[in-house]
Amino acid sequence: MKTIRLLLTLSLAGSAALFAADKKVPTTRVEVNFTEPENFTDVKDSSFGSEKGRDATLEEIREYISEQADKLLPEGQKLTVTFEDVDLAGDYEPWLGPRGDNIRIVKDIYPPRFKFSFKVTDAAGVMVKEGSKQLSDLSFQMRLTINRQDPLRYEKDMLSDWMRSDLRVKKAKT
């Protein structure tokens, strides 16, 4: 009887630990802000766009940057990114008719663009690095992307390139 009780207790404790580990803990090392997103060039979810669609897209960008930057930042450092403009790859062409209203047409004449500033600080709040970026990729369709079903794959690729180049710790030569 004691053995069964012990096994039951251990299995419940293990399940609780797995459940707790499965929950995502929000990172405090990365902060992503969007300045006046209603004025961004193109973060629409249809040719007319909605505030809800815009906010969902920006939230996906925020989560992506938070997850990726958290992996690249050295322990104790914090990243703050403030977007001033976002222009997603592709555009809506409403002249294609009423059924084309919510279809984003991706062509090389509609490249993704980002305008933002960033700041990296250490644990004491001392600035390690800062800068402003205007990212654009005119050959965005030539990239090999892993997830071809992700509607933000081109934007995420550009942001990944930026984070790898500006946030990666350079190892000293010995």
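A few points about this structure:
- Looking across region 110-141, the residues that are in contact with a strand residue (DSSP E or B) (Cβ under 8 Å, 6 or more places away or on another chain), under 21 Å from PHE34 (Cβ atoms) and in a loop (DSSP other than H, G, I, E, B) come down to TYR110, PRO111, PRO112.
- Only one of the numbered conditions (1) assigned to a helix (DSSP H, G or I); (2) touching a residue at least 24 places away in the same chain (Cβ under 8 Å) is violated by ALA56, and that is (2).
- Scanning region 142-164 for residues that are at pLDDT below 90 and assigned to a helix (DSSP H, G or I) gives MET142, ARG153, TYR154.
- Single unsatisfied condition, ILE61 versus (1) aliphatic (A, V, I, L, M); (2) crowded, with 20+ Cβ neighbours inside 10 Å; (3) in contact with a strand residue (DSSP E or B) (Cβ under 7 Å, 6 or more places away or on another chain): (3)
- Exclusive hit being exposed (fewer than 12 other Cβ atoms within 10 Å of the Cβ), polar (S, T, N, Q) and at pLDDT 90 or above, set SER117, SER132, SER139: SER132
- Residue within region 59-79 that is aliphatic (A, V, I, L, M), at pLDDT 95 or above and more than 17 Å from ASP157 (Cα to Cα) present: yes
- The condition of being modelled with pLDDT of 90 or more and among the small types (Gly, Ala, Ser) holds for only one of ALA16, ALA56, ALA20, that being ALA56.
- For first residues located in region 70-90 and free of Cβ contacts under 8 Å to residues at least 40 places away in the same chain, partners that are assigned to a strand (DSSP E or B) and lie 6+ apart or on another chain with Cβ distances below 6 Å form the pairs GLY90/ARG104; GLY90/ILE105.
The values are calculated or read from the model by the stated rules, or taken from the named source; none is laboratory data. Remember, predicted model here, so these are calculated numbers, not experimental data. Heads up, the Cβs are rebuilt from the backbone with ideal geometry, glycines too, and the neighbour counts pull from every protein chain shown.
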